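To keep things clear, I will list the structure first and then write my remarks on it.
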Amino acid sequence: MDAERSALTTLCKEFGALIGETRRHSTTRQELLERIVAEARARRPVLALLGQLLNTDRETTLRTLATALPGSGPGTARQETFRCPDGACDRTAVPPPAGAIPRCAVLDRLMERG
C-alpha cells in the first residue's frame with residue numbers, strides 16, 4: 001500500500017476519535033483537521049498535512065500512522081483499585097483493566113476509586 005493510501009486509510013478508520021481529540025486543542029489545529037478532511041474528500045494528498053497535525057517529519061508520520069493516530073485509539077487502561085463506597089468495611093476490588101466498576105453487594109452501589 002502506498003503512503004498516501006495508508007494515510008487516508010488511517011484517517012478514515014480513526015476519524016471520529018480524531019475529531020474528538022482535536023476538539024480539545026487550539027482553533028488552529030481544528031482548522032488544520034478541517035483542511036485535511038477537505039483535501040481527503042478531494043482525493044488530494046494528506047500525508048504532509050497529517051505531519052503538520054502531528055508535528056512530525058514524513059518518516060515519523062508514516063511510522064505513527066502504522067500504529068494509529070495519537071489520541072484516536074482506545075488507549076491503554078491502567079489498573080484501578082476500588083473500595084467500599086461508605087468506608088464501612090475494608091473490602092477492595094481490582095477489576096480487569098477497563099472492566100466494569102465493582103459494586104458493593106451490601107449497599108448495591110458502585111464502589112469508589114481508591
For the chain, what is the calculated [θ] at 222 nm in deg cm²/dmol (nearest 500), taking -39500 (n - 2.57) for each run of four or more DSSP H residues and dividing by its residue count?
-> -13500 deg cm²/dmol
Total charge dipole magnitude, the chain, about the Cα centre, Cβ charges on Lys, Arg, Asp, Glu only, Debye to nearest 20 = 140
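Run the dipole for region 3-65 about the Cα centre, Lys and Arg Cβ at +1, Asp and Glu Cβ at -1, nothing else charged, and hand back the magnitude in debye, nearest 20.
Rounded to the nearest 20 debye, it is 140 debye.
May I ask you to give the solvent-accessible area per residue for the chain, in square angstrom, as obtained with a 1.4 angstrom probe? Write down the numbers at each step before the final one.
Values: 7760 Å² over 114 residues.
It amounts to 68 Å² per residue over the chain.
The values are calculated or read from the model by the stated rules, or taken from the named source; none is laboratory data. These numbers come from a predicted model, not from an experiment. Cβ coordinates were reconstructed from backbone atoms using ideal geometry, including for glycine residues, and neighbour counts include every protein chain displayed. Calculation scope for accessible area: heavy atoms of the full protein, side chains included, ligands and nucleic acids excluded. Shrake-Rupley method; radii C 1.70, N 1.55, O 1.52, S 1.80 Å.
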